[in-house]
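Undergrad: Sharing a structure here in structure tokens format.
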Amino acid sequence: MFPSFSRPLLGVDAGAFAVKLVELRRRRNRPAVVRADARPVIPDTAAAAAPFDLEQAAAALGPLVESAAPGARVAVALPGAGVALQTISAPRSAGAAALERRALDLAQRELSLAPAAAGVDFTVTAAGDGKHNNVLLAACARETVEDLQALLDVYGLTLAAADVDLLAVERGFFHASAAAETGAQHAAALLDLGHTAMRLSVVRGSAVLHRAAHPFGGARLLAEAERHYGWDAREARRRLWQGELPADFSAEVRRPFTDALAQAAAECVGGFAATVTDADAPREIVLSGGGTALGVHHAVAEQCGLPVRLAEPFCAMAGGEGEGESFAAGAGRATFAVAAGLALRSFNHGAN
């Protein structure tokens, strides 16, 4: 999960509702946006879609990579809900075998995975007290990585890295903050609004203070739209992506969902803030992910009592104001935070 790269990577965020791709190149000694595009994942049948369906995801990925060179190198995002992360203090003399055992223990403890079924990795994130390092351990089901590998195999692409979605969001935030020389003044809550969960990372400067997930995502909006209008899964996804919605959709479906999402965000951010000193409590919230396309930031700000802004993953990049970009209908910049963070791996922005 944590190698470094000097050659460009395609960042592919294969979500349950959409597949997003970001392609970057080096220009004037900084990343430049070549492409940022997305396609919906829409079932072929009326039956409800599984969280990850290879055929549906491949159908969405195809138009995005049709111009990619054979064997193009890709970084993909593992869904954070299925990844266990832990930062430990380990002796600087600890070898790879010892750290792998710690990661396998994490897989068994947090995900109930046997060693043969677990995919694990680790990386040193910072020096500790001179004799120890801070090491980030990661574990997931090996099957999750194999699914993503199979998706890329359909188009002859090379899986160069399987990252974690929340780490990719952090990487993009740190890159933008470093370029703007901001971010060291106060703690910020990065809240990524996904299909099945919202994921929180509280950061200050270049340090990560807290990571957590809350089981509330955009799937609830789809389910409520299906229930309220009698739509099947395919019809609900198509209408939401294309914006073909009934006149009462905002009042009857979107507004209750937005209120519930804002309440979940307040619980997620407030739960951390209540356990720390004022210096570590978030002073702002930065929203990313597909849920931002619903215009939820005002409700989140009201519920959390904090300033809220949308993530701008391309703001510190050449061409970030439109040059070379292609955005799919219904998808805004904040929805590309994961894919942009993945593509940044080849610009000396490894996992933090």
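The values are calculated or read from the model by the stated rules, or taken from the named source; none is laboratory data. Everything numeric in this text was worked out from a predicted model, so none of it was measured. With ideal geometry, Cβ positions are generated from the backbone for all residues, glycine too; neighbour counts draw on all protein chains shown. Ligands, DNA and RNA are excluded from the accessible area calculation, which covers all protein heavy atoms including side chains. Shrake-Rupley method; radii C 1.70, N 1.55, O 1.52, S 1.80 Å.
Undergrad: Ala57 - would you say it is aliphatic (A, V, I, L, M), open to solvent by less than 10 Å² (accessible area, probe 1.4 Å), assigned to a helix (DSSP H, G or I) and at pLDDT 85 or above?
TA: yes
Undergrad: Are any of the residues in region 14-23 surrounded by fewer than 20 Cβ atoms within 10 Å (Cβ to Cβ) and modelled with pLDDT of 90 or more?
TA: No, that holds for no residue.
Undergrad: Can you tell me which residue among Phe216, Phe249, Phe257 is under 22 Å from Ala14 (Cβ atoms) and open to solvent by less than 30 Å² (accessible area, probe 1.4 Å)?
TA: The match here is Phe216.
Undergrad: Looking at the structure I just gave you, is Arg234 open to solvent by 70 Å² or more (accessible area, probe 1.4 Å) and either in contact (Cβ under 8 Å) with a residue 40 or more places away in the chain or of a type in the set (D, E, K, R) (or both)?
TA: Yes; evaluated as a whole, the condition is true for this residue.
Undergrad: With the checklist (1) within 23 Å of the chain's Cα centre (by Cα); (2) over 19 Å from Ala188 (Cβ atoms); (3) surrounded by fewer than 16 Cβ atoms within 10 Å (Cβ to Cβ); (4) at pLDDT below 95 in hand, flag the one item Glu244 doesn't pass.
TA: (1)
Undergrad: Go through region 274-292 and report how many residues are surrounded by 20 or more Cβ atoms within 10 Å (Cβ to Cβ) and outside any loop (DSSP other than H, G, I, E, B).
TA: 7
Undergrad: Would you tally the residues in region 100-131 being open to solvent by 60 Å² or more (accessible area, probe 1.4 Å), modelled with pLDDT under 90 and over 23 Å from the mean Cα position of the chain (by Cα)?
TA: Residues in region 100-131 being open to solvent by 60 Å² or more (accessible area, probe 1.4 Å), modelled with pLDDT under 90 and over 23 Å from the mean Cα position of the chain (by Cα): 3 in total.
Undergrad: Starting from region 297-320, keep only residues that are free of Cβ contacts under 8 Å to residues at least 24 places away in the same chain, then list their pairs with residues that are part of a loop (DSSP other than H, G, I, E, B) and open to solvent by 10 Å² or more (accessible area, probe 1.4 Å) whose Cβ atoms are within a distance under 7 Å, requiring at least 6 positions of separation or different chains.
TA: Taking only residues 6 or more apart or on different chains, the pairs are Ala301/Pro307.
Undergrad: Go over the candidates Ala90, Ala84 one by one and state the one that is in contact (Cβ under 8 Å) with a residue 40 or more places away in the chain, open to solvent by less than 30 Å² (accessible area, probe 1.4 Å) and under 21 Å from the mean Cα position of the chain (by Cα).
TA: Of Ala90, Ala84, the one residue that is in contact (Cβ under 8 Å) with a residue 40 or more places away in the chain, open to solvent by less than 30 Å² (accessible area, probe 1.4 Å) and under 21 Å from the mean Cα position of the chain (by Cα) is Ala84.
Undergrad: So Ala97 ticks every box in (1) open to solvent by 60 Å² or more (accessible area, probe 1.4 Å); (2) part of a loop (DSSP other than H, G, I, E, B); (3) at pLDDT 90 or above but one. Which box is left unticked?
TA: (2)
Undergrad: Collect the residues in region 125-175 that are touching a helix residue (DSSP H, G or I) at 6+ places or on another chain (Cβ under 9 Å) and hydroxyl-bearing (Ser, Thr, Tyr), keeping them in residue-number order.
TA: Those that are touching a helix residue (DSSP H, G or I) at 6+ places or on another chain (Cβ under 9 Å) and hydroxyl-bearing (Ser, Thr, Tyr): Thr144, Tyr155, Thr158.
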